[in-house]
Structure formats: C-alpha cells, structure tokens
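Colleague: Quick one: the structure is below, questions incoming.
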Amino acid sequence: MRRLAIVVVALVVGGSVVLWLVGGTPTTTEDLVAGLDATWPRALALVLLLAVIGAGVAASGPRVGEIGRALLLWGGLAAILVAGYSYRHQIERVGRTSLSAVVPGMAVTTDQGVTVTRSADGHFRVQGAVNGAPVTFLLDTGASTVLLTSEDASRAGIAPTRADFTLPVSTANGLTRVAPVSLDLVTVGSVEETHVDGAVAAPGSVATSLLGMSFLSRLYRFEVSGDRLTMQK
C-alpha cells in the first residue's frame, strides 16, 4: 500500500513537470507532438531522477501519512509564495501607507502621490533633499520661497557670501535678510523639481528650513486632509 501511494505521487509530480516543460495548452495533436519533441530530453532526465528518488523513498519505508503531510506542507508554502508574488504591488502599497503613519515626516510614494503624516507638534515636517543633501523642511504655505538654514545650505553645497544677504524678509524671529539662490534640485519622495527659487537664511536667524510656494506651486496639486499632506507632481 505504501509503495503504491509513492508510485502514484511520483507519477502525479512527473506528469505535472512534463506538462510544464511542454508549456502552454496544445490545441492539436501536432502541437503536442512538437512540444514533446522539443522537451523530451529534459523530461526523460527528470523522470529518471524522479524514479531514483522514488526508489530511495520506497526503500526507506516511510509511512503514507508522512508523505501526505510533507506534500501539504511544501504545497502550502508554494501557494503562499505564489500568492505573495501575485499581490506584491498591493502588499507594497499597504506597507508604504502604514510606514507613513508610523514615521511622521517621512515622504512615502503611494497611488495618490507623495504623502506625509503630521508630526506630534501639529506641523508637517517633511523629509526631503536639496542637491542630494538631506533636509528636513517645515511646510509653510505662507513662505513665498524655499528657505534654507545656513547649515542645510552648507550641506547642499551652497555658500553665499555676506554681500549676498540682500533680501529683507519677515520671520518668526523678526525682520532679517536672506541670500537669494537658485536650487538645482529639490526632492520630496518621488517628486523632484529643478532650478527652484530659494533663499539662504543668515546663521542663527531661523531654526528650520521652510518648504515654501516656489516648490509647492509647481505641483499638480497639494492638499492637507486631516493629518496627511499629499503632493502630486
């Protein structure tokens, strides 16, 4: 009985492999013959290998129940892998959405665009980059331009001279002067803008770089809904 079960399992597996090797669903006898002619060397080698494995299993005398449990285990694992691969894009989107909720400020690309979750202090602190250098921006729709602290500007390779601070602006700390610059590349998640009008604040005059309208106005849309900021290129 045990050997009969082993033979049946081997025949099922071998037949499945041969059909997989032939590929497709033959509609005529000629198609089937052509498929077998192209694949019979590999099929023969695999059948012989299965025969050797089956003989070894029969000689070791395993119980039929053990064979069934092994088939269920490996079949289940294969089904999970196939399902995971089939739904990989949906799983990735769910993971990104969950990540954006867990890590406030992280720019996460979703189907709706780039999303950022509000920080605990009530502000949108957006993780982005200027000229490839990481910058944490404070979203400020009242700012006409992207304003960098002197430290962030230095990391981005921007070094204005004292004479460049010519533009007067009003900040939370009062009136100050900034240095107008052109930012080669501003990035937030998958959103990228080149040659963005910006400015560099005098050292110590502002605490955080500001993501202003010179970047936001270039987007197709941006909106705040609840605790989520969404930006679309």
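The values are calculated or read from the model by the stated rules, or taken from the named source; none is laboratory data. These numbers were taken from a predicted model, which means no experiment stands behind them. Here the Cβ is made from the backbone with ideal geometry for all residues, glycine too, and neighbour counts use every protein chain on show.
Colleague: Here is a check on your reading of the model: is residue 190 within 16 Å of residue 127 (Cα to Cα), assigned by TED's automatic domain parsing to the domain that holds residue 133 and in contact with a Leu (Cβ under 7 Å, 6 or more places away or on another chain)? Walk me through it before giving the result.
Modeller: Numbers: within 16 Å of residue 127 (Cα to Cα): yes; assigned by TED's automatic domain parsing to the domain that holds residue 133: yes; in contact with a Leu (Cβ under 7 Å, 6 or more places away or on another chain): no.
No; evaluated as a whole, the condition is false for this residue.
Colleague: Let me ask you something else. Check off (1) acidic (Asp, Glu); (2) over 30 Å from the mean Cα position of the chain (by Cα); (3) more than 17 Å from residue 205 (Cα to Cα) for residue 164 and give me the number that stays unchecked.
Modeller: (3)
Colleague: Continuing with the same structure: Could you check, for the range 156-168, whether at least one of its residues is among the basic types (Lys, Arg), in contact with a strand residue (DSSP E or B) (Cβ under 7 Å, 6 or more places away or on another chain) and exposed (fewer than 15 other Cβ atoms within 10 Å of the Cβ)?
Modeller: No, there is no match, as no residue in the range 156-168 is among the basic types (Lys, Arg), in contact with a strand residue (DSSP E or B) (Cβ under 7 Å, 6 or more places away or on another chain) and exposed (fewer than 15 other Cβ atoms within 10 Å of the Cβ).
Colleague: Name the pairs: first residue in the range 148-172 and without any contact (Cβ under 8 Å) to a residue 60 or more places away in the chain, second residue small (Gly, Ala, Ser) and assigned to a helix (DSSP H, G or I), Cβ to Cβ under 8 Å, at least 6 apart or on different chains?
Modeller: Every condition considered, the pairs that remain are 159/153; 160/153.
Colleague: Any residue at all in the range 60-72 that's outside any helix (DSSP H, G or I), small (Gly, Ala, Ser), modelled with pLDDT under 65 and over 29 Å from the mean Cα position of the chain (by Cα)?
Modeller: yes
Colleague: Being at pLDDT below 95 and either aliphatic (A, V, I, L, M) or more than 22 Å from the chain's Cα centre (by Cα) (or both) is the filter here, so list the residues in the range 189-208 that pass it.
Modeller: Matches in the range 189-208: 191, 201, 202, 203, 204, 205, 206, 207, 208.
Colleague: At pLDDT below 95 and closer than 26 Å to residue 108 by Cβ: is that true of residue 159 in this structure? Reasoning before the result, please.
Modeller: On the way: at pLDDT below 95: yes; closer than 26 Å to residue 108 by Cβ: no.
Criteria not met by residue 159.
Colleague: If I ask for residues that are surrounded by 16 or more Cβ atoms within 10 Å (Cβ to Cβ), small (Gly, Ala, Ser) and under 18 Å from residue 154 (Cα atoms), which ones from the range 203-233 would you list?
Modeller: Of everything in the range 203-233, those that are surrounded by 16 or more Cβ atoms within 10 Å (Cβ to Cβ), small (Gly, Ala, Ser) and under 18 Å from residue 154 (Cα atoms) turn out to be 205, 209.
Colleague: Please note which strands (runs of 3 or more DSSP E) are completely contained in the range 121-233 and include at least 3 residues that are of a type outside the set (Val, Ile, Thr).
Modeller: 125-130, 133-139, 167-171, 174-188, 191-201, 209-211, 221-225, 228-232
Colleague: If we keep just the residues of the range 116-167 that are hydroxyl-bearing (Ser, Thr, Tyr) and touching a helix residue (DSSP H, G or I) at 6+ places or on another chain (Cβ under 6 Å), which is farthest from residue 214 (Cα to Cα)?
Modeller: Of everything passing the filter in the range 116-167, 117 is farthest from residue 214 (Cα to Cα).
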